[in-house]
Amino acid sequence: MNVKKFTAPTSREALRKVREALGPDAVILSNRPIDGVVEILALANDDAASLASPADDAPFGAPQLDLDDGFAAAPVMAQPAPRMPSAAPVSRPAPQMSRPMAPEPLPVRPAAPPRAAFAPPPQAAVPPMAAAVDMAGITALVAEAVNSAKANAAAEMNTMMSELRAMRGMMETQLAEMSWGSTQQREPHKAAVLRELLAAGFSATLARRLIDKLPQGRSADECMRWIRTVLARNISAIANEDALIERGGVFALVGPTGVGKTTSTAKLAARCVMRHGPEKLALITTDAYRIGAHEQLRIYGKILGVMVHSVKDEADLRIALKELRSKHTVLIDTVGVSQRDQMVTEQVAMLQGTDVEVKRLLCLNSTSTQETLTEVVRAYQGTGFAGCIMTKLDEAASLGNVLDVVIRQKLNLFYVSNGQRVPEDLHLAQPAELVERAFRLKKDVSQFADGDLPMLMAAAGNADNLAMREVHLG
């Protein structure tokens, strides 16, 4: 008998070791935890079979017939013992045998009673491998039920937390409406300033931040002057062109389709040529999707006397930048990609995959809404993002939307573009002039009723004000 011992941290692992060592028909003799581990004593199936059914030549095997030498074995006939009323069954004594001179039929010797002391142990006393497997299955079912109960509890907890957050938001909205309603009655000049900001296109979130910080004891006109000053201070604009044209480098104009990237590239190229000459500038286009897109930039390059290089992928761009490393400034006109397209990530990866630092300038369409501009900025931000250029100011009915995004997203504003002329319609950003223009283009303030203002301010209070906390109030 070859009994083997297996130890493991868990019963499942120990049973796996038993199965690998002794096979699926192994017999488990014991299973107990010892010193933080599980110990299993197991026996191979063949050894268990030999233990349960001893061999015929074993000392305690089946009873043998005591036959005389030289005679053939006769069938053994069992003699039933007579039933006595007051005594246990007694076997009939065997008759005396004598060796005859001639062969005669062999007398039948009665069978000896079975010896219970040497009976083989019952097979059920040894637990089979199937029982251990069943226990493992039951353990797995219990673990699965526990995990399912935990998952259901977690889902219920999440649902309850969502309901609590919704209730909290409703209560905060109602309290904010009540608070703003009372504020509107006590300080009517705040309501007037709020209407001006909303009519100029600024978001309710930024407007609430500014309204909450208004100086006390000032009239509506004084408050509006303070608002204009604060807005201008929070527009980060370059004071001169030294950061771009004088220092030089590699700049890529990016943004969605139709925002004026190619025209802005031509305007910047004209400024660089007027400052340093055409031999110090190189133009690269990656727009091979639109029909005639690269031809437009080639026409501008021909007018300026600058060679235009066309690249298809990251490998071509790397080769082109390596060949143009002697140039003072390299401008890259990229293909227009929607902010919701996966190609934005691929385009950024292509620009960052070169050995040269490529600074990205994002073209923001002033005619777009705040929601669209916010999505565009979030899609194109990242490593290598230098700043933005506001385009199509001459087509915008309101400037508060784009200025609001520039302030809340902390963007560096390089240039503003207000036409198609090259290079006349490209100017350095002047924050104070932009703010004044935004209020000149404002909508009719009468469209914002007194009953709508509390709801707008309450909704702005529930929005993400993390960026608003960084607004410099002066």
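The values are calculated or read from the model by the stated rules, or taken from the named source; none is laboratory data. Predicted model, so just to flag it, every value in this text is computed and none were measured. Cβ sites come from the backbone with ideal geometry, for glycine too, and all protein chains shown count toward neighbours.
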Tabulated pairs, region 333-345, first touching a residue at least 24 places away in the same chain (Cβ under 8 Å), second of a type in the set (Asp, Glu), C-beta under 9 angstrom, 6+ apart or interchain
Asp333/Asp287; Thr334/Asp287; Val335/Asp287; Gly336/Asp287; Val337/Glu346; Gln339/Glu375; Arg340/Glu375
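For residues in region 179-202 being at pLDDT 85 or above and touching a Leu at 6+ places or on another chain (Cβ under 9 Å), which is surrounded by the most Cβ atoms within 10 Å (Cβ to Cβ)?
Phe202
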Selection count where residues are part of a loop (DSSP other than H, G, I, E, B) and touching a Cys at 6+ places or on another chain (Cβ under 9 Å), scope region 337-374:
0
Residues of region 311-332 being without any contact (Cβ under 8 Å) to a residue 12 or more places away in the chain and within 26 Å of Gly258 (Cβ to Cβ), in sequence order, are Asp316
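For (1) out of contact with any strand residue (DSSP E or B) (no Cβ under 6 Å at 6 or more places or on another chain); (2) outside any loop (DSSP other than H, G, I, E, B); (3) at pLDDT below 90, each residue gets a yes or a no:
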| position | (1), (2), (3) |
| --- | --- |
| Arg218 | yes, no, yes |
| Glu222 | yes, yes, yes |
| Thr229 | yes, yes, no |
| Ala232 | yes, yes, no |
| Ala239 | yes, no, yes |
| Pro256 | yes, no, no |
| Ser264 | no, yes, no |
| Lys267 | no, yes, no |
| Ala270 | yes, yes, no |
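Tally up the residues in region 376-428 that are polar (S, T, N, Q), part of a helix (DSSP H, G or I) and free of Cβ contacts under 8 Å to residues at least 60 places away in the same chain, please.
Count: 0.
If you scan region 268-284, which residues turn out to be touching a residue at least 40 places away in the same chain (Cβ under 8 Å), touching a Lys or Arg at 6+ places or on another chain (Cβ under 9 Å) and surrounded by fewer than 23 Cβ atoms within 10 Å (Cβ to Cβ)?
Lys280, the sole residue that qualifies.
Tell me whether region 33-40 contains one or more residues that are at pLDDT 85 or above, acidic (Asp, Glu), surrounded by 13 or more Cβ atoms within 10 Å (Cβ to Cβ) and in contact with a helix residue (DSSP H, G or I) (Cβ under 8 Å, 6 or more places away or on another chain).
Within region 33-40 (the criterion being at pLDDT 85 or above, acidic (Asp, Glu), surrounded by 13 or more Cβ atoms within 10 Å (Cβ to Cβ) and in contact with a helix residue (DSSP H, G or I) (Cβ under 8 Å, 6 or more places away or on another chain)), the answer is yes, since at least one residue qualifies.
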Check Ala282, Ala315, Ala320 and return the single one that is among the small types (Gly, Ala, Ser), within 33 Å of the chain's Cα centre (by Cα) and more than 30 Å from Glu371 (Cα to Cα).
Ala315
Enumeration of residues in region 323-353 that are of a type in the set (Val, Ile, Thr) and under 28 Å from the mean Cα position of the chain (by Cα):
Val337, Val344, Thr345, Val348
